[in-house]
Amino acid sequence: MSLPKEPRQKMINVMYLVLTALLALNVSSEILNAFKTVNKSLENSNVAIDGKNKTLFDSFKELLSKNETKDSAAVWAPKAQQAQALADGVTTYLEDLKLQLKKAGKLKIENGKEVFALDNLDAATKLFVEGPGKKNGEELEQKLKDFKNQLLAIDPRISQEFENSLPLDLSIPESKSELGKKDWAFSYFHMTPIIASITILSKFENDVKNSEAQVVEFCHKQIGAVKIVYDKFQAIASQSSEYLMPDQELTITGGVGAFSSAAQPTVSVDGSTVALNADGVAEYKTKVGGPGSYTKKVSITFKKPNGELSTLDKEIKYTVGSPTGASVSADATKIFYIGLPNPITVSGGTKGDEATQVSIDNGNLTKTAAGKYEVTVSSGTESNVTVTVEGKSTPFKFRVKPIPDPVAMVGRSKGGKISANEFKSQQGLRADLENFIFEGVKYNIVSYTLYATGKGFTENPGIAQNSGAAFGAEARRIIDRCVNGTTVTFDDIKAVGPDGRTRNLPLIGFNLTN
């Protein structure tokens, strides 16, 4: 753009350039956390694939020992082992690259967990793209290509089966940069945060392991199917409830479970793996907390007779009683939100509402009906509701949290591509509280700054300070000039919620299209 001589306009243009740079560099914590979640899922998937391959290789050993299959197994087992060796070599290489990235992010161990700079944008660029690191990027691409070619070259029948279907995709992703359209490493790793680069490497690792698994399974099928023998049995009984009152019905379900020594399940409770006993059963024990209702999430991964992995997720719910039988439950959640009327239900157990006294140590209680109360809190992190029945008191602990920040939106969009006509038809900015447990919680937009750049604003950006949610006269004048190719950004967005707090919301931007 041309820089005008008038000092104020110069300053505005410089501010625009700085904003553009910040937009290019800004990586929100939500995006970083999303990459962490995807990377963890890929790592879990890799473990599952290793488990499947182990079962197949155990079956190879059995097939090699049998007269009717040993000749065919002697041909195909070495081919499967060759595929495994190729995959292991590339996996080790990829894990070393991950470690180098973490060390570049100042890796340290805190409370047994790895901690490093997730948002560092320079590490991956230096390791794979620029200067001496460019050789590493080229080497990574070549190693993945060599793995794919060598895997297909193990046997002509493998090549025929998988030439066009191996999971390993080495195409260059779409890029706005001309260099990115040509340079493989640049398109993946240039100015990419460390956690995103690690996730990309985990994705390639997952592709490698999946490719290995498909080839190993193909080799195995040339001989025979996986044989899983159910050789252990265990009586199983479960009850319908862990907490009963007089005259309530109790249901007990009993049966026999069959297990295979070669395919023992992996069991986790709330994400922590539980060891199996001699009968192949996981036993989880824990001391329960105070009165209330609780849920434990159990996940069981096991191998089917055909060798496929399957996962069963189940919630185990239980209730911890109090000496008086009293209970307190939040009608919406186990949290009290600051500034909202939080509804709760209180029961005195076997005693009626008239014999039940309720108090709170942080906040105010308002009785709305028999056993029904509304709690309002204004500060703190914890609140205890105490129920007293016949002189016996039982405390119930609740967390106290502020209402979450809303998301700024124009129409139904939170940013990104939007047609120019749809954007120009909107009347203003709004703040939406997504997926919140309480319905009807409203935020009011107080103010924001609108920036328009790109087509239609190549000489000078359009800038408008706006009060309130609706587009003011200056903002509307700028929006009316917007066309296909214009970029519109809303920054310094302020909103007020029911708790009276003014929130500063993250910047949002729109790329206008036809």
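The values are calculated or read from the model by the stated rules, or taken from the named source; none is laboratory data. The structure presented is a predicted model; accordingly, all values stated were derived computationally and were not measured. Glycine gets a Cβ as well: all are built from the backbone with ideal geometry, and neighbour counts include every protein chain shown.
The single condition from (1) touching a His at 6+ places or on another chain (Cβ under 8 Å); (2) more than 21 Å from A185 (Cβ to Cβ) that V129 fails is (2). Checking T92, T125 one by one, the residue that is without any contact (Cβ under 8 Å) to a residue 12 or more places away in the chain and under 29 Å from L170 (Cβ atoms) is T92 and no other. Taking (1) more than 19 Å from G352 (Cα to Cα); (2) over 30 Å from the mean Cα position of the chain (by Cα); (3) surrounded by 14 or more Cβ atoms within 10 Å (Cβ to Cβ) in turn, S378 satisfies each apart from (3). Scanning segment 500-514 for residues that are buried (at least 16 other Cβ atoms within 10 Å of the Cβ) and part of a loop (DSSP other than H, G, I, E, B) gives P506, L507. Screening G415 on (1) farther than 30 Å from S379 by Cα; (2) touching a Ser or Thr at 6+ places or on another chain (Cβ under 8 Å); (3) surrounded by 16 or more Cβ atoms within 10 Å (Cβ to Cβ) shows it passes everything except condition (2). Of everything listed in (1) among the hydrophobic types (A, V, I, L, M, F, W, C); (2) assigned to a loop (DSSP other than H, G, I, E, B); (3) in contact with a Leu (Cβ under 9 Å, 6 or more places away or on another chain), the single unmet condition for F436 is (3).
Of the residues N384, N362, the single one that is out of contact with any Asp or Glu (no Cβ under 6 Å at 6 or more places or on another chain) and of a type in the set (S, T, N, Q) is N362. When only residues in segment 128-142 that are touching a helix residue (DSSP H, G or I) at 6+ places or on another chain (Cβ under 6 Å) and not β-branched (V, I, T) count, which is surrounded by the most Cβ atoms within 10 Å (Cβ to Cβ)? Once the filter is applied, the top-ranked residue is F128. Kindly provide the set of residues from segment 73-89 that are in contact (Cβ under 8 Å) with a residue 60 or more places away in the chain and touching a helix residue (DSSP H, G or I) at 6+ places or on another chain (Cβ under 8 Å), ordered by number. Result: A73, W76, A77, K79, A80, A83, Q84, L86, A87. The residue that is surrounded by the fewest Cβ atoms within 10 Å (Cβ to Cβ), among those in segment 64-111 that are within 31 Å of the chain's Cα centre (by Cα) and more than 25 Å from N206 (Cα to Cα), is N111. Looking only at segment 156-176, decide whether some residue is aliphatic (A, V, I, L, M), farther than 24 Å from K102 by Cβ and at pLDDT 90 or above. Within segment 156-176, one or more residues are aliphatic (A, V, I, L, M), farther than 24 Å from K102 by Cβ and at pLDDT 90 or above.
Of all residues in segment 328-337, those satisfying the criterion of being surrounded by fewer than 21 Cβ atoms within 10 Å (Cβ to Cβ) and either modelled with pLDDT under 55 or in contact with a strand residue (DSSP E or B) (Cβ under 7 Å, 6 or more places away or on another chain) (or both) are S329, A330, D331, A332, K334, I335.
Look at segment 435-478 and say how many of its residues are closer than 30 Å to N342 by Cβ and without any contact (Cβ under 8 Å) to a residue 40 or more places away in the chain.
4
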